[in-house]
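The values are calculated or read from the model by the stated rules, or taken from the named source; none is laboratory data. Not measured: the values here are computed from a predicted model. As a convention, Cβ positions derive from the backbone with ideal geometry for all residues, glycine included, and neighbour counts pool all protein chains shown.
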Amino acid sequence: MSGTAERALGVHRVLEPRGALPQAADRLDADPAIGPDEVRVAVQRLNLDAASFRQLSESCAGDGAAVRAAVLGIVAARGKMQNPVTGSGGMLIGVVDAVGPDSPLGLTVGQRVATLVSLTLTPLRLTDGLAGWDGLGEQVPAAGTAILFARSIAAVLPDDLPDAVSLALLDVCGAPAATARVVARDRARSVTVLGAAGKSGCLSLAAARDAGATELTGLVRDGAEAAALTRAGLADRVVVADATDPLAVAAAVGTPADVTVVCVDVPGAEHGAVLATAEGGTVVFFSMATSFSAAALGAEGMAADVTMLIGNGYTPGHAALALELYRRTAGVRALVDPRVRR
């Protein structure tokens with residue numbers, strides 16, 4: 001690979017170990033001085049992914065100050081936000097404040113953007129000690145700088161939506177786009193979403209409906225979520241079960257679906273998802289808590305003929321699709337808005 005191609009991937013920002021790509025690196029160079037093909041963003045808010053925030057909160061016994069200190073420690077040590085337990089990060093919004101002359105991203109100084117690449121590969125420097133964050137929610141008011149590479153992705157923030165809403169939607173926009181693609185490709189009629197009352201879950205239900213699915217099942221963890229999802233009207237059937245209990249999932253879902261989408265933010269949902277999927281069907285894993293080995297070996301042990309896809313967070317048009325689903329789907333708004341701390 002040429003030096004130019006390596007720069008486009010951000011390899012020049014890797015401090016340890018040399019030769020790794022930024023996502024796999026232990027430490028990145030977060031120096032705010034940019035190269036000719038880079039963009040610097042003045043950070044305004046981080047959005048920690050759900051699996052990472054849950055793990056941090058649980059490990060700190062819900063102590064917000066301890067969670068804040070943990071995030072600061074990770075960023076200081078690694079030059080990026082990558083939870084060492086979950087391996088995941090999130091994304092951010094901010095204002096473009098410097099653009100290298102060779103950057104291909106088409107961004108200009110002063111634009112307000114959301115990064116559509118993970119914080120696990122984004123050089124990040126925090127300068128405010130996260131003083132405006134109580135450590136109790138996924139969205140983190142912040143000040144500092146972040147660096148985008150030539151192959152990074154960013155979306156200009158829409159003017160018609162609050163920043164907190166846009167950030168929440170763009171953080172999970174890969175899920176509905178990939179769900180729509182799989183449903184349309186497979187001409188799937190039935191779709192089950194695990195974690196259906198969450199942000200990615202409700203967007204995936206709406207996307208599946210738009211793509212032609214006619215039998216939508218939403219699995220949630222308790223009666224309160226079941227009531228909220230029922231009121232939202234996004235699913236034809238709402239069932240309650242612990243997504244980490246495979247037999248309970250299978251019993252609740254009943255007839256397996258053509259496509260199962262996993263949007264829960266805890267580990268252990270792999271086997272239930274396989275059992276909930278029809279022979280020849282497809283499971284799409286969008287949880288950062290997913291274990292590849294548990295999914296692969298579990299399916300093998302069940303002699304389950306299912307295709308398993310790992311959602312990588314990027315599908316062409318994913319940002320625009322998620323924003324549009326929110327704008328025109330009342331049920332999505334009803335579920336997303338209460339989860340967003342504005």
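One residue stands out among those in the stretch 130-157 that are surrounded by 18 or more Cβ atoms within 10 Å (Cβ to Cβ) and touching a Pro at 6+ places or on another chain (Cβ under 7 Å): the one that is modelled with the lowest pLDDT, which is Ala150.
Scanning the stretch 216-255 for residues that are in a loop (DSSP other than H, G, I, E, B), on the phi < 0 side of the Ramachandran plot and in contact (Cβ under 8 Å) with a residue 60 or more places away in the chain returns Leu234, Thr255. Has the stretch 131-153 got any residue that is assigned by TED's automatic domain parsing to the domain that holds Leu48, free of Cβ contacts under 8 Å to residues at least 60 places away in the same chain and in a loop (DSSP other than H, G, I, E, B)? Yes; the residues of the stretch 131-153 include at least one that is assigned by TED's automatic domain parsing to the domain that holds Leu48, free of Cβ contacts under 8 Å to residues at least 60 places away in the same chain and in a loop (DSSP other than H, G, I, E, B).
Look through the stretch 115-129, keep the residues that are hydrophobic (A, V, I, L, M, F, W, C) and in a loop (DSSP other than H, G, I, E, B), and return whichever of them is surrounded by the fewest Cβ atoms within 10 Å (Cβ to Cβ).
We begin by selecting, within the stretch 115-129, every residue hydrophobic (A, V, I, L, M, F, W, C); these are 116-117, 119, 121, 124, 126.
After this cut, where a residue has to be in a loop (DSSP other than H, G, I, E, B) as well, the list is 116-117.
On the way: Leu116: 19, Val117: 22.
Among those residues, the one meeting the criterion is Leu116.
Which one of these is out of contact with any Lys or Arg (no Cβ under 8 Å at 6 or more places or on another chain), under 19 Å from Val109 (Cβ atoms) and small (Gly, Ala, Ser): Ala131, Ala143?
The match here is Ala143.
Of all residues in the stretch 251-267, how many are surrounded by fewer than 18 Cβ atoms within 10 Å (Cβ to Cβ) and over 18 Å from the mean Cα position of the chain (by Cα)?
So the first thing to find is which residues in the stretch 251-267 are surrounded by fewer than 18 Cβ atoms within 10 Å (Cβ to Cβ), and the list is 251, 254-255, 266-267.
Of the ones still in play, those that are also over 18 Å from the mean Cα position of the chain (by Cα) are 251, 254-255.
Total meeting the criteria: 3.
If I filter the stretch 94-114 down to residues being within 13 Å of Asp163 (Cα to Cα) and not small (Gly, Ala, Ser), which single residue comes out as surrounded by the fewest Cβ atoms within 10 Å (Cβ to Cβ)?
Of the stretch 94-114, the ones within 13 Å of Asp163 (Cα to Cα) are 94-95, 112-114.
Adding the requirement that they be not small (Gly, Ala, Ser) leaves 95, 112-113.
On the way: Val95: 15, Arg112: 17, Val113: 21.
The residue in question is Val95.
In the stretch 48-77, how many residues are surrounded by 22 or more Cβ atoms within 10 Å (Cβ to Cβ) and either in the same structural domain as Asn312 (by TED's automatic domain parsing) or charged (D, E, K, R) (or both)? Summing the residues that are surrounded by 22 or more Cβ atoms within 10 Å (Cβ to Cβ) and either in the same structural domain as Asn312 (by TED's automatic domain parsing) or charged (D, E, K, R) (or both) in the stretch 48-77 gives 1. Per the listing Arg7, Arg18, Arg45, the residue uniquely surrounded by fewer than 21 Cβ atoms within 10 Å (Cβ to Cβ) and within 26 Å of Pro158 (Cα to Cα) is Arg45.
So how many residues does the stretch 280-328 have that are part of a strand (DSSP E or B) and touching a Pro at 6+ places or on another chain (Cβ under 8 Å)? Number of matching residues: 1.
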